[in-house]
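Below is one structure, written out as structure tokens; comments come after it.
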Amino acid sequence: MNEKAMPRLVAVIGNGIIGHGVAEVFASAGINVVMIGRSTESLAHALGRIEASLNGFVAHELVRAEDVPAILQRVRTSTDIDDAAQADLVIEALPEDMALKVATFRQLDAITAPDAILASASGHPASEVAAEVARRERVIATHFWYPPQLLPLVEVCGAPETSQPVIERTLVILKGVCKEPVLINREIAGFIGNRLQFAILREAWALWADGVASAEAIDKVVKHSIGRRLGVTGPIESADLAGLDTMVRFAEFLLPDLNRSRVPAPKVDALRKDHRGNEEEPIGVTGMTQKQYHILLEARRAELFRWLKADRRKRVPTA
């Protein structure tokens, strides 16, 4: 790790589902963090979520119980954005309100040191959030995937004005906190992961809405086939393994028949519902209940811990 490149203080603006996870990532790596939110109540709740998450890491033997208090002590909370002034790296993790993001970056540009990196953890291009920033060369997108403390990927993408040293230092910092940063060469809506995810989701929704198969059957096809392979070989690697001649010929046959709608199927849209209903009330396309929802969420979390432990084992040098 390049110790000189690592920040002494990271400011996380926002304490929601991404913000508190990002704060945990840096604090767990031994870096001091100031987490800035709108209220002391929400910040206290975020700290509680960090502690609960760390206890999960302890249960999976990824963090020692005796290290939890020190990690928590590295996270300071504040409701004043001026407390980000001394940060070497600022990561914005605010709600999807572009006017708020733009105003926040304008403030950060005014109060932080000229060489501080200003990053956005959202899925928006850096050039959007930097609309009112004077020193745009230091603004960059760092798209953390949820939950940040369990998923290693961070999509990194500079705006046209972002300097190469800022891009390079951001990559070094993220690797230094055990993330897997992927550099995107130019700005594009949704970056890479969301574009791939929604390409699959559009087709899956369309298959269900057209009555081709049940939601259960469609999910089962993915989980018991490509879902297992993609954890080892990505889509382009998988196509190369299968043979480009075969894959190109099949693509010529199949691509014209795939769904190309610009909006979700109306049948899907009609099922939108808040998750705060009765525990037995069905939700979503699958019709799962609240109880099933939480069971599935925990099962996915357990699987993410399993992958994380496998990643950690790979990093341990063998004798």
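See the values below:
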read-out	value
Criterion (in contact (Cβ under 8 Å) with a residue 24 or more places away in the chain, more than 12 Å from residue 129 (Cα to Cα) and surrounded by fewer than 17 Cβ atoms within 10 Å (Cβ to Cβ)) met by exactly one of 82, 67	82
Selection within region 104-137 - farther than 20 Å from residue 15 by Cα and out of contact with any helix residue (DSSP H, G or I) (no Cβ under 9 Å at 6 or more places or on another chain)	110, 113, 125
Residue satisfying condition, being within 28 Å of the chain's Cα centre (by Cα) and over 21 Å from residue 303 (Cα atoms), within set 215, 251, 209	215
Residue match in region 138-160 (condition: exposed (fewer than 14 other Cβ atoms within 10 Å of the Cβ), among the β-branched types (Val, Ile, Thr) and not assigned by TED's automatic domain parsing to the domain that holds residue 309)	no
Some residue of region 56-70 being aromatic (Phe, Trp, Tyr), over 19 Å from residue 112 (Cβ atoms), assigned by TED's automatic domain parsing to the domain that holds residue 102 and modelled with pLDDT of 95 or more	yes
Within region 166-264, helices (runs of 4 or more DSSP H) holding 2 or more residues that are among the charged types (D, E, K, R) and either touching a Leu at 6+ places or on another chain (Cβ under 6 Å) or surrounded by 13 or more Cβ atoms within 10 Å (Cβ to Cβ) (or both)	193-209, 215-223
Failed item in (1) surrounded by fewer than 16 Cβ atoms within 10 Å (Cβ to Cβ); (2) β-branched (Val, Ile, Thr); (3) farther than 28 Å from residue 310 by Cα, with residue 58 passing the rest	(3)
Yes/no for residue 126 being small (Gly, Ala, Ser), touching a residue at least 40 places away in the same chain (Cβ under 8 Å) and in contact with a His (Cβ under 9 Å, 6 or more places away or on another chain)	no
Tally of residues being surrounded by 20 or more Cβ atoms within 10 Å (Cβ to Cβ) and in a strand (DSSP E or B) across region 10-42	8
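The values are calculated or read from the model by the stated rules, or taken from the named source; none is laboratory data. From a predicted model like this one, the values you see are computed outputs, not experimental measurements. Glycine also receives a Cβ, built like all others from the backbone with ideal geometry; neighbour counts cover every protein chain displayed.
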